[in-house]
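Notes follow once the structure below has been shown.
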Amino acid sequence: MKKVLFTGLVVGLGAIVACQAPASKAEQKAEKPAKKMSKEEKFRAALAKQDKYQKACSNEKQLIPEGISIEQFKKDMLATIKYPEGGVVGDWKKGEKLFGDPKKGGKGLGNCYACHCGDPSIIACGNIGPSLTGYGKSGADPKVTYQRIYNPWSVNPCSAMFRFGVHGILSPEQIAHITAFLHDPNSPINK
Ligand code: HEC
């Protein structure tokens with residue numbers, strides 16, 4: 001007798017919970033956007049985190065932080081760069097995938113084709129940055145190539161190119177692979 005009553009209770013409760021479940025899910029959904037930062041809040045948070053270099057680069061009238069020469073700016077940026085244990089030139093085949101995988105239409109972690117052309121077989125490429133086709137024949141020093149991918153502001157203060165190493169988009173090893181892709185004579189960039 002008791003057992004039947006208990007089972008009935010559990011089933012009844014289960015039905016209530018089941019009936020309420022969709023409602024509470026909908027409530028959760030309604031709450032979610034309120035917890036998320038608004039676009040403006042995100043923008044303000046990012047601004048608050050800006051260092052003096054970013055602030056200067058965002059200010060058209062100033063560009064270089066007060067009291068800092070362009071040479072000092074570059075020196076300060078060079079000081080942010082970390083190097084991989086295996087040296088600045090890695091494996092160009094790994095670098096190709098990171099730069100933009102030809103098998104994925106040029107997409108990759110670095111998404112370099114968004115702004116640069118490179119391997120001539122990838123025709124969907126951007127022109128915000130200069131073409132990198134034949135880059136290995138340009139006489140550029142691979143160490144400088146590494147540095148300008150890790151922190152482009154070490155060469156070109158306030159450049160529009162992402163600071164891939166500074167922001168942790170690419171690891172030092174990955175940047176070394178991309179450096180190899182740009183410099184290796186067997187890379188399709190240099191064929
Ligand atoms: C948002 C656009 C953008 C992205 C993405 C981008 N770059 Fe750039 N890049 C530029 C611009 C603009 C320049 C020229 C200004 C400068 O030197 O920083 C440049 C310059 C360069 C140069 C120097 C070229 C020269 O002729 O001296 C190299 C090398 C380079 N980028 C490599 C890369 C690699 C590798 C990636 C991907 C990991 C990449 N870039 C992603 C915009 C971009």
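No value in this document is a laboratory result; all are computed from the given coordinates. Just so it is clear, the model here is predicted, and its values are computed rather than measured. Glycine also receives a Cβ, built like all others from the backbone with ideal geometry; neighbour counts cover every protein chain displayed.
Run the numbers for residue 66 and residue 94: contour at 0.36 nm per residue of separation, minus the present Cα-Cα distance, in nm.
Using 0.36 nm per residue and subtracting the Cα-Cα distance, I get 6.0 nm.
Quick one: which residues, 5 or more positions from residue 101 or on another chain, have an amide H under 5 Å from its amide H? H modelled 1.01 Å from N in the peptide plane, none for Pro or chain starts.
106, 107, 108
Tell me which residues come under 5 Å, amide H to amide H, from residue 91 once H is placed; ignore anything under 5 positions away on its chain.
Here the answer is 177, since their amide H atoms fall under 5 Å of that of residue 91.
Taking 0.36 nm per residue of sequence separation and subtracting the Cα-Cα distance, how much length would be gained by fully extending the chain between residue 138 and residue 123, in nm to one decimal?
Result for the pair: 3.3 nm of gain on full extension.
Could you tell me which residue out of 70, 83, 106 lies farthest along the dipole of region 47-116 toward its positive end? Charges go on the beta carbon: Lys and Arg +1, Asp and Glu -1, centred on the Cα centre.
The listed residue farthest towards the positive side: 106.
Run the quick spin-label model on residue 39 and residue 78: label points 7 Å from Cα toward the beta carbon, then report their separation in nm to one decimal.
4.1 nm
If you take the beta carbon distance between residue 49 and residue 104 as r and set R0 to 22 Å, what does 1/(1 + (r/R0)^6) give as a FRET efficiency, to the nearest 0.05? Could you put the intermediate results ahead of the total?
On the way: r = 32 Å, r/R0 = 1.48.
Efficiency for this residue pair is about 0.10.
³J(HN,Hα) across region 123-128 via Karplus (A = 6.51, B = -1.76, C = 1.60, θ = phi - 60°), whole Hz, x for Gly/Pro?
Along region 123-128, the couplings run 8, 8, 9, x, 10, 5 Hz.
With the Cα gyration tensor of region 52-99 in hand, give its eigenvalues times 5 under a square root as the equivalent ellipsoid semi-axes, listed largest first in whole angstrom. Numbers along the way, then the final one.
On the way: eigenvalues 207, 41, 10 Å².
Calculated on Cα positions only, the semi-axes equal 32, 14, 7 Å.
Would you list 158, 117 from fewest to most Cβ contacts within 10 Å?
158, 117
How large is the dipole of region 98-175 about the Cα centre if only Lys and Arg carry +1 and Asp and Glu carry -1, each at its Cβ, rounded to the nearest 20 debye?
With Lys and Arg at +1 and Asp and Glu at -1, about 60 debye.
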